[in-house]
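Just below is one structure, and these are the notes that go with it.
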Amino acid sequence: MKIVLQNLTKIFPSRNKKSNEEVVAVNDFTFTIPDGKLIGLLGPSGCGKSTTLYMISGLQKPSGGKIFFGEDDVTELSAENRGVGLVFQNYALYPHMTVKQNIMFPLQNLKGADKLSKTEMIERAYTAAKLVQIDNLMDRKPSELSGGQQQRVAIARALVKMPKVLLLDEPLSNLDARLRLQTREEIRRIQKETGITTIFVTHDQEEAMSISDLIVVMKLGVVQQIGQPQEVYDDPTNLFVAKFLGTPPINVFDGKVENEKLIIGGSAVLDVKGVADQEVFVGIRPEGFNLDSDGPLTCNLNSVEVMGRDVSVVSTHEAALVPVVRSIINADNKVAAKETVSYSLKPHKVFLFNKETEERIRFEM
Ligand code: ADP
Ligand code: MG
């Protein structure tokens, strides 16, 4: 099921009686989510991810704009009639019910033509449980399950009505690191097997990058960039997106362009053809540095952290806007134990940004 968001907007009235300041939680969001894909909705806390999801689910009414499922305008349709499965961060299973009863619960309210017999309900429950691999736990109570198993029950409960759309709001945040990793692979597998159009909300960039067909990066209610994870990482439209994606994070410097040369801390570090003279922010990905004793960018060496295949070189630079400059270098290269470390730069890993708008400034390579 394709989902079309058309100028979707949500404005909350001020919570504080004294001020009239409204919160624009989602601002003019337009996007077509392709059928059968997994979309990662990504951004810091408070940027409008949940609000977007609740509007798609029908739990919240937009202040403006429209939502289509396929060709049908569902903007005014109630949540029950949209055919969406929703999984929250707090998966809130009914504690007194067994796993089986929990999964079957949404089927019991079906009315009219959709009404199912008990046998059909049990069959559906087992089908959903098999998908998330908990069909051997059907008679347990939620208290007898691990966090990861409980979250699977919540997913099975969302799948049991065979929704056209699956919406997951930070579904992994309550799990420990290892389970988080495992469960996100599971979600990807289930999504691929069922082909259900899925929106996965998270503030964790790595999580979104690793399982999404497309990511949508949001900031303060406004969509910043949409694309395949690698595409967005390699080609960010602004400084916010560049900083939000990537571990270790991008290194940011104060710089300027003079005669099509990029200057950092007084040294010309890169040719940037086609860019007018101006001050800029410079983002350099950790993998964008070449160790080069004659290289133009010289940093004060702090430490070298060996990470197996790679080493991470930690240094400082007077023009850096980050506390430390971190580069990732292949471990075959030896970093000399000196006070400084010098680099040349890989042009496609260096991004320039306008100092006022923080929008990307592109140069020819
Ligand atoms: P996220 O899920 O990305 O953390 P939310 O969609 O929950 O963000 O919230 C977006 C913005 O809308 C935040 O500033 C939040 O405080 C505000 N907000 C969310 N729900 C309400 C509400 N019911 N009333 C007023 N403001 C709200
Ligand atoms: Mg949220």
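May I ask you to evaluate 6.51 cos²θ - 1.76 cosθ + 1.60, the Karplus curve with θ = phi - 60°, for each residue of region 304-317 and list the ³J(HN,Hα) values in order in whole Hz, giving x for glycine and proline?
10, 9, 7, 10, x, 5, 10, 10, 10, 9, 9, 8, 10, 8
Can you list residues from other chains, or at least 5 along the same chain, whose modelled amide H is less than 5 Å from the amide H of N290?
Residues meeting the amide H criterion: S344, L345, K346.
Give me, ordered by chain and number, the residues 5 or more places off Q225 or on other chains with an amide H under 5 Å from its own placed amide H.
Here V217 satisfy the definition.
Taking H placed 1.01 Å from N in the peptide plane, check which residues at least 5 places from V165 or on another chain put their amide H under 5 Å from its amide H.
Distant-sequence amide H within range of V165: G85.
Give the residue list of GluC sites (Glu not before Pro) in region 229-305 that are DSSP loop and have at most 16 other beta-carbon atoms within 10 angstrom.
Here the GluC sites (Glu not before Pro) that fit, given the DSSP loop and packing criteria, are E260.
Of all the Cα-Cα pairs you can form in region 1-50, what percent are over 15 Å apart?
Counting pairs separated by more than 15 Å, the tail of P(r) holds 60 percent.
Semi-axes of region 248-332's equivalent ellipsoid from the Cα gyration tensor, sqrt of 5 times each eigenvalue, largest first, rounded to whole Å?
Computed over region 248-332, the values are 24, 13, 11 Å.
Checking understanding here: applying a Kyte-Doolittle mean of at least 0.5 and a length along the axis of at least 30 Å (C-alpha), which whole DSSP H helices in the chain pass?
Sorted by number, there is nothing, because no helix extends far enough and scores high enough.
Which one of L145, V132, L179 is farthest out on the positive end of the charge dipole of region 120-205, using unit charges on Cβ (Lys, Arg +1; Asp, Glu -1) and the Cα centre as origin?
Sorting the options by dipole projection puts first V132.
Using θ = phi - 60° and the Karplus curve 6.51 cos²θ - 1.76 cosθ + 1.60, what whole-Hz ³J(HN,Hα) does each residue of region 327-341 get, with Gly and Pro shown as x?
Here the 3J(HN,Hα) series is 10, 10, 10, 4, 5, 5, 7, 8, 8, 5, 6, 10, 7, 10, 9 Hz.
Given the options P163, P249, P13, which has the most mean-square fluctuation in a GNM of the chain, springs set between C-alpha atoms less than 10 angstrom apart?
P13
In bins 5 Å wide, starting from 0, what share of all Cα pairs of region 1-123 does each bin hold, as a percent?
It works out to 2, 9, 15, 18, 17, 14, 12, 8, 4, 1, 0, 0, in whole percents.
List the lysines whose Cα lies under 27 Å from the Cα of K37, skipping any in the same chain that are fewer than 8 positions away.
K2, K10, K49, K61, K66, K130, K161, K164, K192, K219, K243
Find which of I328, C299, V99 sits farthest along the positive direction of the dipole of the chain, computed with +1 on the beta-carbon of Lys and Arg, -1 on that of Asp and Glu, about the Cα centre.
V99
For region 255-356, which whole-number percentage of the solvent-accessible area (1.4 Å probe, protein heavy atoms only) is attributable to carbon and sulfur atoms?
The computed percentage sits at 45.
Run the dipole for region 45-161 about the Cα centre, Lys and Arg Cβ at +1, Asp and Glu Cβ at -1, nothing else charged, and hand back the magnitude in debye, nearest 20.
Around 280 debye, computed over region 45-161.
How large is ³J(HN,Hα), in whole Hz, for each residue of region 218-234 in order, when computed from phi with the Karplus curve 6.51 cos²θ - 1.76 cosθ + 1.60 and θ = phi - 60°, using x for Gly and Pro?
Per-residue couplings from phi come out as 10, 8, 6, x, 10, 5, 8, 6, 10, x, 5, x, 5, 4, 5, 4, 7 Hz.
Taking the Cα centre of the chain as the origin and placing charges on Cβ (Lys, Arg +1; Asp, Glu -1), which of A208, L116, G265 is farthest toward the positive end of the dipole?
L116
Counting trypsin sites (Lys or Arg not before Pro) as exposed when in a DSSP loop with at most 10 other beta carbons within 10 Å, what is the longest stretch of the chain free of them?
Result for the longest clean stretch: 112-308.
Taking the Cα centre as origin and putting +1 on Lys and Arg beta-carbons and -1 on Asp and Glu beta-carbons, what dipole magnitude results for region 223-279, to the nearest 20 debye?
Computed charge dipole of region 223-279: roughly 140 debye.
I need the calculated FRET efficiency for the pair E21 and R309, taking r as the beta carbon distance and R₀ as 30 Å, to the nearest 0.05.
For R0 = 30 Å, the calculated efficiency reads 0.05.
Tell me, how many Å apart are the Cα centres for region 222-257 and for region 86-106?
Rounded to whole Å, the Cα centres lie 39 Å apart.
How many percent of all Cα-Cα pairs in the chain sit more than 30 Å apart?
Cα-Cα pairs of the chain separated by over 30 Å account for 50 percent.
For the chain, what does the accessible surface come to per residue with a 1.4 Å probe? Please give it in Å².
49 Å²
In debye to the nearest 20, how big a dipole does region 176-307 give about its Cα centre with +1 on each Lys and Arg Cβ and -1 on each Asp and Glu Cβ?
Here region 176-307 has a charge dipole of around 440 debye.
Mind grabbing the base-10 log of I(q)/I(0) for region 64-185 at q = 0.09, 0.11, 0.12, 0.14 Å⁻¹? Debye formula, identical points on the C-alpha positions, no solvent, two decimal places.
The computed values of log10 I(q)/I(0) come out as -0.27, -0.40, -0.48, -0.63.
Out of the total accessible area of region 63-184 (probe 1.4 Å, heavy atoms of protein only), what percent is carbon and sulfur?
So the carbon and sulfur contribution to the accessible surface is 49 percent.
Do the sum for the chain: with -39,500 (n - 2.57) for every DSSP H run of n ≥ 4, divided by all residues, what is the mean residue ellipticity at 222 nm, to the nearest 500 deg cm²/dmol?
Calculated at 222 nm, the ellipticity per residue is -7000 deg cm²/dmol.
The values are calculated or read from the model by the stated rules, or taken from the named source; none is laboratory data. Computed from a prediction, not measured in an experiment: that's the story for all the values here. Neighbour counts run over all protein chains shown; Cβ positions are idealised from the backbone, glycine included. When the accessible area is computed, the model is the full protein with side chains, heavy atoms only, and any ligands, DNA or RNA have been set aside. Shrake-Rupley method; radii C 1.70, N 1.55, O 1.52, S 1.80 Å.
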